[in-house]
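**Q** The structure is given below, and queries will be raised subsequently.
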């Protein structure tokens, strides 16, 4: 009798237990039983490449994962294989893969059909012999499991099911309202179910971008796979003496071979501006801004790679520099309405002398809560000057600062009005000064949240700078107010 027995339900359960025992057992089983078609059209066993092996190990035991990758890394196939094995070795399993197009769904299902059709003979019999196949569904009646492939354009995808494994592939390219579709699928996922979202990047906005940015908050594990992990991505070696500074950095940081540098040059020649997106090298610059980013993208990406963790976190308050005796500070506030589905209230604390970002609060707060948080920070930072953007919700925050918080050191315009006016005459200069600071003195800024907002701050209709559709600019505007107030009130020599 083979190691797979006769493929009975009990034999399949035993294989599932073996696969669940360790990642090494899971990797070995995949290599023994799953067949794929390789790049030259020949069938071979699914032996994990570097990216697939890294994913398998880093995702082990994690129920929620998101994968950002360069194109054609084999991750989609690997996840399909893992979920197929779980489907046939764990009775009662429902696996759903949601693809971005009909063509992609059909291609995925061909891969899954090959898994089934090329199983070792001992496994094709027994409990799997009665498998029922349709255009998008394989059902295994004897073990009460099924594997389905859906398209994200179908708003009813997954409805009526209790999903055990959910694979959302090319999420960045889902049509329609991908957030609504994803929410509907998530609602059908069992409490102990496994979710994998994966995609190549497609702009610094949208559902996949948001899921990637908010992964830490949602308890989702991030996985990033740059193009050079794929062994097929090689070309003729270049001369070492011809390496640019950027190529030397890649060699030093990631050990790229001269053949890989040659391939990279080919990528850049063929894809030009899309090279960073299609063949990702880091988890920031690959998200090319949707529309034309208002700020200098290169400066933002370089700073994002260098920022450090806050020295202190108090929930949504991040602190990089604590108040120092004798120093003066500005606390700038961009208020919001407090709705959990709306904009954030943002508070930025900067040093008066240097312009250094010291602290940042970004949270859904009511007007009273925003006033209380700003007053508390201002008192902590040596009685700082509070500058509130007075548009809309700002009037309520200003009133609470004086009446409820008893805080009097509030920025006033030359005509004696409380608060900073962001309007047609002031907004362009505010945004321009922030943009100049990002280029001239990027080390002033330490917040990943702020820098990512800068990344999605684009030229909108009519050329007006604003957050890309579905994104936020609350930290951007709070920091722009802080810089503007410092420039006007304290620093006639401006930032330098």
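The values are calculated or read from the model by the stated rules, or taken from the named source; none is laboratory data. Since we're looking at a predicted model, the values are computed, not measured. Because the Cβ atoms are built from the backbone with ideal geometry, glycine has one as well, and the counts that use them run over all protein chains shown.
**Q** Provide a single number: the residues in segment 328-342 that are in contact with a strand residue (DSSP E or B) (Cβ under 6 Å, 6 or more places away or on another chain) and in a loop (DSSP other than H, G, I, E, B).
**A** 2
**Q** While we're looking at this one, here's another question. Starting from residues that are part of a helix (DSSP H, G or I) and out of contact with any strand residue (DSSP E or B) (no Cβ under 7 Å at 6 or more places or on another chain), keep the ones in segment 199-217 and report whichever is nearest to residue 148 (Cα to Cα).
**A** The selected residue is 207.
**Q** While we're here: Just the residues that are free of Cβ contacts under 8 Å to residues at least 40 places away in the same chain and buried (at least 19 other Cβ atoms within 10 Å of the Cβ), please, taken from segment 263-274.
**A** 263, 264
Each row is one residue, and each column tells you yes or no for (1) closer than 30 Å to residue 428 by Cα; (2) at pLDDT 95 or above; (3) buried (at least 17 other Cβ atoms within 10 Å of the Cβ).
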position	(1), (2), (3)
287	yes, no, yes
298	yes, no, no
314	no, no, no
324	no, yes, no
331	yes, yes, yes
346	yes, yes, yes
358	yes, yes, yes
372	yes, yes, yes
379	no, yes, no
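**Q** Among the numbered criteria (1) more than 27 Å from residue 264 (Cβ to Cβ); (2) surrounded by fewer than 16 Cβ atoms within 10 Å (Cβ to Cβ), which single criterion is violated by residue 58?
**A** If we test residue 58 against (1) more than 27 Å from residue 264 (Cβ to Cβ); (2) surrounded by fewer than 16 Cβ atoms within 10 Å (Cβ to Cβ), just (1) comes out false.
**Q** Could you please find all residues in segment 233-260 being in a helix (DSSP H, G or I) and within 19 Å of residue 73 (Cβ to Cβ)?
**A** 250, 254, 259, 260
**Q** Would you mind finding the one in 485, 397, 431, 476 that is within 35 Å of the chain's Cα centre (by Cα), over 30 Å from residue 214 (Cα atoms) and surrounded by 15 or more Cβ atoms within 10 Å (Cβ to Cβ)?
**A** None of the others qualify; the one that does is 485.
**Q** Another question about this same structure. Can you confirm whether segment 102-117 contains a residue that is buried (at least 19 other Cβ atoms within 10 Å of the Cβ), touching a helix residue (DSSP H, G or I) at 6+ places or on another chain (Cβ under 7 Å), part of a loop (DSSP other than H, G, I, E, B) and at pLDDT 90 or above?
**A** no
**Q** Please tell me if residue 276 is outside any loop (DSSP other than H, G, I, E, B) and over 23 Å from the mean Cα position of the chain (by Cα).
**A** Criteria not met by residue 276.
**Q** Could you run through segment 169-198 and say how many residues are part of a helix (DSSP H, G or I) and under 18 Å from the mean Cα position of the chain (by Cα)?
**A** Summing the residues that are part of a helix (DSSP H, G or I) and under 18 Å from the mean Cα position of the chain (by Cα) in segment 169-198 gives 10.
**Q** Exactly one of these conditions fails for residue 387: (1) touching a helix residue (DSSP H, G or I) at 6+ places or on another chain (Cβ under 9 Å); (2) modelled with pLDDT of 95 or more; (3) surrounded by fewer than 19 Cβ atoms within 10 Å (Cβ to Cβ). Give me its number.
**A** Of (1) touching a helix residue (DSSP H, G or I) at 6+ places or on another chain (Cβ under 9 Å); (2) modelled with pLDDT of 95 or more; (3) surrounded by fewer than 19 Cβ atoms within 10 Å (Cβ to Cβ), only one is false for residue 387: (3).
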